[in-house]
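Participant: Have a look at this one before I ask anything.
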Amino acid sequence: MPYNEPSLSKVLLITSISCLTLLSCKENTTTKSIEEIVVRHHENAYTAVPSSIDSTLYSITYHKKKVFHALGLQADNTLDYVLIKDPNMLDTFYYLGQKMPCESEKVLIHDSKQYIVHRFLHDLPDGADEEGYFYAINNRIVAFRSLPWQIADIYEFDTIPSNTILNSDTTGFYRPVRGFEIKTAKQHY
């Protein structure tokens, strides 16, 4: 068969357009991670030492149109929390497979700078004693406050002084653990 230049050009053109179309429709599968060492303030109303401060890893991984937030790497390689965020839903996080829409938000001021703090309620439908609030500033989880257990973890970044910001609230939007009065067994009866 003789060489036919117009047909080859058409085939190359159609092949190029098809490849470009497929590539433009392909889901973004690149993975990008940001890791940061943050200061963790841990408060517990039920221990002799009610609060402690250490450092831990906060990792944000972007993968397949999802953003994974991993907080609090422990010595045994477990994590305190892993949350998933859909960038298209700015007011929602997912934790343990449960959708957590933003319950409320508040503007808190620190050093003349305004921070919008979002509060997300975690409450499994059939769960017991796991309820709590996650707090986010600039799309980063900065705290978890357990409601039944009177414990809290606050993650403080170089650019977000979240411990100071949250504890400056006087309206009850964020309630610090250290102000909690522990009842003894005699007081319950």
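The values are calculated or read from the model by the stated rules, or taken from the named source; none is laboratory data. Owing to the predicted nature of the structure, the values given are computational and were not obtained by experimental measurement.
Participant: Suppose we filter segment 57-75 for residues that are closer than 15 Å to Ile137 by Cα and hydroxyl-bearing (Ser, Thr, Tyr); how many remain?
Facilitator: Final tally of qualifying residues: 1.
Participant: Turning to a different aspect of this structure: Give me the residue from segment 12-44 that is at pLDDT below 80 and among the small types (Gly, Ala, Ser) and, out of that set, farthest from Asp86 (Cα to Cα).
Facilitator: Result: Ser16.
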